[in-house]
Amino acid sequence: MYKSGICLFLLLIISQSLKSQIQPEDSILLVNPINLSENVIRNPKALSRSFQRLNAIKSGADSTFVVVHFGDSHIQMGHFSGAIEKNLQTIFGDAGNGLLFPYSACKSIGPSSLSSNFTGTWEFNNINSNASKIRIGVKGYGLKTEDTTAKFNINYLPGNNPNAIKSVSIFHGVNNFEISCENSTKKPLVNFSNSDWQSTRFYNDTKSANFSFSLTKTDQIQSEFTFYGILFETSQHKGVQYHHCGVVGAKFPQITQNTPLLISQLAQLKPNLILFSYGSNETYLPNFDSKSYIKEIVKFIKQIKAEIPGVEILITSAPDTKSNNQYPLHKNEINKSLAKIVANTEVAYWDLDAVMGGDSTMDVWRNAGLAQKDKLHFFKSGYQLQGNMLSLAFLEAYNKTKSKSVNTEDLQAEIENQMTAFSGKKAIDPPTKNPKTITHTVKKGDTLTNIAKKYRCSIASLKKANNLPSANIKIGDTLIIPSKGK
């Protein structure tokens, strides 16, 4: 009894000691779990052609840089990939939204910029289902009708219209019902056709962003119409064109197994860079075979590289999640597998999980109001923060290799502002204009970044204190240093 009492007493002392040691670290984690030291592109040399093409555009070349982003619901929602699209197009130019799909016709979500209405009888399918039901293309979805009276309208919502839509191209099946467009008086042009699918282009005579299509059976061999996506084309070619190809619930192996038309349609998009953002749904499978996972995806990536010469690839890791408060048993194993895939295929890698903060940080994101109640998906603000961080990592890797460097200070400031959600405190200090105000005169080589580092303040607080609309500063400017700066 005496010995057991001593043991209990010692355990209490040890536990209190450990608690006092651990608590400060946990408090730091709860304030801000993000690890910006991990916000880098690994193996950036795998993106050298992409950086070269973007540098040419920055130098004035009238060319298009095409990005295709594959993934699960995080991509289909469009907020994560949308932030990357916005950041790249702001710097290098806007060459269009890419191939779109009316997900609402498949009782699914997004894109938020588009509305659609399908009349008649239609069936739908995606890569989570039996691929033999309806063939699936690069968007991961398929729509089919055998109803010759079927029609559909696809419209841009107000405020989202791209400038001067010159034409639209429909990706659809071969030997299908003939399709016509009310916006076009000219004969449609077949852009591409093989034994599996074709692309038909309609010129936009009305200059409208609202398009109506109807179907007609003109030959006995025609028995259906299968729809794979729509591409809105403008006269603007210079800049970044971004294709979002997400499917709710998708897993990486499904894109290799259930999309027979993917590589053929992907080749027609002429991508310079392909992003793969999978792993969230695999983490909750009852079993996970890393060897077969790695083998299948390595084979798939090598096939893409063989059939689309010069294309480059960036893989992002699975984020930390906690769906229905379940721990994602296979997350770390999947991310290790993705890292091995990167090593075996000479592609680039961005570790979202590490940048988020690692294991069990989803609760912190949720408490900060950046993740949804299901702890599997994020709110728009959370996705935008992730997209901004990937954009920053990509642009900083670009800056290290190219002469036409880009200014990332505004993006850094936006990230700093978004990260205040974790603390609930303002990172932006009010202007201080009293006798103790510290000022700095801008000299050659100064940037907001190195000034902020010198005085230990944030870029956002510098901009606020000096009413700067951007990160641009000139030699001779006098800047007020926020009161918390040293």
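The residues of the stretch 243-257 that are part of a loop (DSSP other than H, G, I, E, B) and either open to solvent by less than 30 Å² (accessible area, probe 1.4 Å) or free of Cβ contacts under 8 Å to residues at least 12 places away in the same chain (or both), listed by number, are Val247, Gly249, Ala250. In the stretch 382-399, the condition of being modelled with pLDDT of 95 or more, among the acidic types (Asp, Glu), assigned to a helix (DSSP H, G or I) and buried (at least 21 other Cβ atoms within 10 Å of the Cβ) is met by no residue. Screening Leu285 with (1) modelled with pLDDT under 95; (2) in contact with a strand residue (DSSP E or B) (Cβ under 7 Å, 6 or more places away or on another chain); (3) over 30 Å from Pro188 (Cα atoms) gives one miss only, at (2). Among residues of the stretch 315-333 being assigned to a loop (DSSP other than H, G, I, E, B), touching a Phe, Trp or Tyr at 6+ places or on another chain (Cβ under 9 Å) and not small (Gly, Ala, Ser), the one that is most open to solvent (accessible area, probe 1.4 Å) is Leu329. Within the stretch 334-381, being at pLDDT below 95, touching a Leu at 6+ places or on another chain (Cβ under 7 Å) and open to solvent by 50 Å² or more (accessible area, probe 1.4 Å) holds for no residue. Would you pick out the residues in the stretch 427-470 that are assigned to a loop (DSSP other than H, G, I, E, B), under 15 Å from Glu414 (Cα atoms) and at pLDDT 80 or above? Matches in the stretch 427-470: Cys457, Ser458.
Each residue in the stretch 190-213 was checked for being surrounded by fewer than 18 Cβ atoms within 10 Å (Cβ to Cβ) and outside any strand (DSSP E or B), and 7 of them qualify. Within the stretch 41-65, being surrounded by fewer than 17 Cβ atoms within 10 Å (Cβ to Cβ) and either hydrophobic (A, V, I, L, M, F, W, C) or under 18 Å from the mean Cα position of the chain (by Cα) (or both) holds for Ala56, Ala61. Among the residues here, His237 does not qualify as of a type outside the set (Ser, Thr, Tyr), in contact with a Pro (Cβ under 8 Å, 6 or more places away or on another chain) and either part of a helix (DSSP H, G or I) or at negative phi (or both).
The values are calculated or read from the model by the stated rules, or taken from the named source; none is laboratory data. Remember, it's a predicted structure, so these values are computed and weren't measured experimentally. Cβ coordinates were reconstructed from backbone atoms using ideal geometry, including for glycine residues, and neighbour counts include every protein chain displayed. Note: accessible area is taken over every heavy atom of the protein model, side chains too, but ligands, DNA and RNA are not part of it. Shrake-Rupley method; radii C 1.70, N 1.55, O 1.52, S 1.80 Å.
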